[in-house]
Amino acid sequence: MKKRAASFLELARYSLQRGLYDVAAFNAERAAQLYLKATLLELVGDFPRTHSIIFLLNELKRVGGKKVEDFVRENKKGLHVLEDAYLTSRYFYKLFDREDVEDLISLAEKVMDLCERLRRGLGESQGS
């Protein structure tokens, strides 16, 4: 799942370069969502069947606590836009511009980085 998430992120970057902003936004969201689900599967043993990134992050609080809570608080508006990118790009027509998509890709990367920091942190504490 993480490998597929990385592929979605690569597609988001490629679509951004080609000016396909709605496709790039969709792929950035897919990358973040899939990476969150993979992380939950690894650290918790399951993941909820939802497309909501914020809901998935709230589930990740079970193992990441304050780190995840702080991340959501600091990025809440952007996370809502990233979540909306899934629905609007798939079912409706929404205009995204280059700056929008650059922000969404950056946020997807931050979500993935948070997941990796939590995974590494839990591995270190379990190895002690």
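Data for the structure
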| item | result |
| --- | --- |
| Net charge dipole size for the chain [Lys, Arg +1 and Asp, Glu -1 on Cβ; Debye, nearest 20] | 360 |
| Surface/4 of the Cα convex hull for the range 33-92, nm² | 4.0 |
| Hz values of 3J(HN,Hα) by residue in the range 39-47 - Karplus curve (6.51, -1.76, 1.60), Gly and Pro given as x | 5, 4, 4, 5, 8, 10, x, 6, 9 |
| The chain - Rg and Dmax from Cα coordinates, angstrom | 14.4, 51 |
| Residue of LEU104, LEU43, LEU82 that the Gaussian network model of the chain assigns the largest fluctuation, springs spanning Cα pairs under 10 Å | LEU43 |
| Loop-resident sites, the range 51-107, for GluC sites (Glu not before Pro), counting at most 12 other Cβ within 10 Å (DSSP) | none |
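Coordinate-derived values only; no laboratory data. Values in this document were obtained by computation on a predicted structure and should not be read as measured data. Please note: Cβ atoms are built from the backbone with ideal geometry, for glycine as well, and neighbour counts cover all protein chains shown.
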